[in-house]
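First the structure, in the form of structure tokens, and then the observations on it.
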Amino acid sequence: MTRTTMTRLADGRELLYFDDAGSAQRPAASLVDHRELPARPEPGQLRYDALSREWVAVAAHRQSRTHLPPADQCPICPTTPANQTEIPAPDYDVAVFENRFPSLGPDTTEIPAAPGWGTTAPAVGRCEVVAFTPQHTGSFAELGWRRTRTVIDAWAHRTEALSALPGIQQVFPFENRGADIGVTLHHPHGQIYAYPYVTPRAAVLAAAAGEYFDDSDGTATLTSSLLRAERGDGSRMVLEGEHFSAYVPFASRWPLEVHLVPHRPVPDLAVLNGAERDELAQLYPELLKRFDALYPTPTPYIAAWHQAPLEPAMRRAGHLHLQLTSPRRAADKLKYLAGSEAAMGAFINDTTPESVAARLREVASDAAAEPAGAATRTTLTPEGAPA
């Protein structure tokens with residue numbers, strides 16, 4: 001099993017090492033941060049937008065955060081005598097730590113329950129960084145099965161731990177990949193946000209899911225129904241496994257969009273069992289490889305894990321899924337959110353979901369290739385390693 005070790009950085013932030021299964025015990029020296037760091041900044045502010053009934057985080061201190069440093073100054077590479085970083089160990093597998101420049105936190109507490117115009121509150125919550133690898137270059141798709149499995153265990157661990165903090169309403173693991181998405185560090189990494197409120201998008205999805213769940217007398221989730229429909233139709237399927245399947249949604253918003261969905265209706269990553277995590281560690285990188293195979297250069301993307309909010313009324317109908325999207329609509333073109341999308345939230349897609357699914361099937365890796373037009377089916381050995 002993945003080994004977890006917790007310590008504190010010099011300014012009190014939490015750091016956790018997640019070491020691959022079977023690895024040696026972590027040396028005590030790797031737990032000590034020898035830097036002299038300034039005190040943590042005061043939290044930002046939450047302001048309530050009465051017009052939309054949404055919370056907005058104001059975090060002006062993030063203007064001074066690190067931006068695309070050279071490799072020898074990367075803050076999430078392993079520590080060396082010349083570069084003391086956020087991770088004091090000379091080597092690691094996966095590391096998770098509280099962001100030094102957070103949008104939310106570090107305090108976690110309740111926010112006003114009946115806000116109106118002029119309502120403010122401290123920007124409570126938690127923002128964490130997930131370093132996928134000690135290597136400064138590369139991508140998630142290149143981690144290999146064992147390391148990917150460790151990252152999944154880290155996501156699950158942090159989902160469960162953050163969900164238990166006071167005032168937290170939603171936990172959101174995600175990865176921004178590529179300069180076109182707006183990353184500030186080249187090193188392969190992701191983030192986890194723990195919000196003190198249910199985000200607008202999650203609230204919309206939860207409302208639709210709850211209505212469907214009630215209409216079915218609690219016998220089915222909306223996400224499982226959509227997965228069943230997509231598998232029955234077949235034209236937008238990308239790959240299918242024993243525990244997960246991936247498809248381009250019927251009404252996708254982005255030029256490239258795929259949903260990876262567990263067959264079992266679980267609310268979040270923490271509830272996935274060992275066999276499900278094993279398969280996810282194979283299928284998820286396969287999707288990322290296909291995104292990169294579409295064009296001559298790596299594809300920018302946002303990998304967003306939609307987990308059920310913690311409010312019981314929303315959670316009962318929740319069904320975990322990954323939404324993998326890219327604004328890339330051609331080798332040299334990006335989709336920008338202009339008037340209709342940015343102002344009205346009314347998306348206009350420049351591609352057809354069926355053609356995108358067909359392209360993603362065609363670029364299947366050689367090891368997983370199936371006849372043209374068929375969704376790739378994958379299997380795992382009993383030990384959990386890719387077949």
(request) Along Cα→Cβ, 7 Å out, is where each label goes; now give me the distance between the ones at residue 82 and residue 349 in nm to one decimal. (result) 4.9 nm
(message) Can you give me the distance in nm between label points at residue 51 and residue 145, each placed 7 Å from the Cα along the Cα-to-Cβ direction?
(response) 5.3 nm
(message) Rolling a 1.4 Å sphere over the protein heavy atoms, what is the accessible area per residue of segment 220-352, to the nearest Å²?
(response) 38 Å²
(request) Counting helices only, and only those DSSP H runs with n ≥ 4, report the 222 nm mean residue ellipticity of the chain as the sum of -39,500 (n - 2.57) divided by its residues, in deg cm²/dmol to the nearest 500. (result) -6500 deg cm²/dmol
(request) Compute, for residue 174, the solvent-accessible surface of its heavy atoms (probe 1.4 Å) with the complete set of protein chains present, and express it in square angstrom to the nearest 10. (result) 30 Å²
(request) Output the Kirkwood hydrodynamic radius of the chain, Cα pairs only, in Å rounded to one decimal. (result) 22.0 Å
(request) Label segment 133-198 by shape, choosing from rounded, prolate and oblate, from the square roots a ≥ b ≥ c of the eigenvalues of the Cα gyration tensor; if a/c is under 1.5 it is rounded, and otherwise prolate applies when a/b is larger than b/c, oblate when it is not. (result) oblate
(message) Using a 4.7 Å cut-off between beta carbons, which cysteines in the chain end up with no partner cysteine at all?
(response) 127
(message) For a quick check: with amide H placed at 1.01 Å from N, whose amide H comes under 5 Å from residue 58's, ignoring anything fewer than 5 positions away on the same chain?
(response) 45, 46, 47
(message) Quick check: at a probe of 1.4 Å, how many percent of the accessible area of the chain sits on carbon and sulfur atoms?
(response) 54 percent
(request) Pop out the ³J(HN,Hα) list for segment 96-107 in order, Karplus 6.51 cos²θ - 1.76 cosθ + 1.60 with θ = phi - 60°, rounded to Hz; leave Gly and Pro as x. (result) 10, 8, 5, 4, 6, 10, x, 6, 10, x, x, 5
(request) Using amide H atoms built 1.01 Å from N in the peptide plane, name the residues 5+ places from residue 132, or on other chains, whose amide H lies under 5 Å from its own. (result) 189, 190
(request) State which helices in the chain qualify, where a helix is a whole DSSP H run, it must extend 18 Å or more along its own axis by its Cα atoms, and its mean Kyte-Doolittle hydropathy must be at least 0.0. (result) 200-215
(message) How far apart, in nanometres, would the label points at residue 337 and residue 136 be if each is projected 7 angstrom from Cα along the Cα-to-Cβ direction?
(response) 3.2 nm
(request) Please report how far the C-alpha centroid of segment 1-67 lies from that of segment 71-127, rounded to the nearest whole angstrom. (result) 3 Å
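The values are calculated or read from the model by the stated rules, or taken from the named source; none is laboratory data. Here the structure is a predicted model, which means the values were calculated and not measured. Cβ: placed from backbone, ideal geometry, glycine included. Neighbour counts: every protein chain shown. Heavy atoms of the whole protein, side chains included, go into the accessibility calculation; ligands, DNA and RNA do not. Shrake-Rupley method; radii C 1.70, N 1.55, O 1.52, S 1.80 Å.
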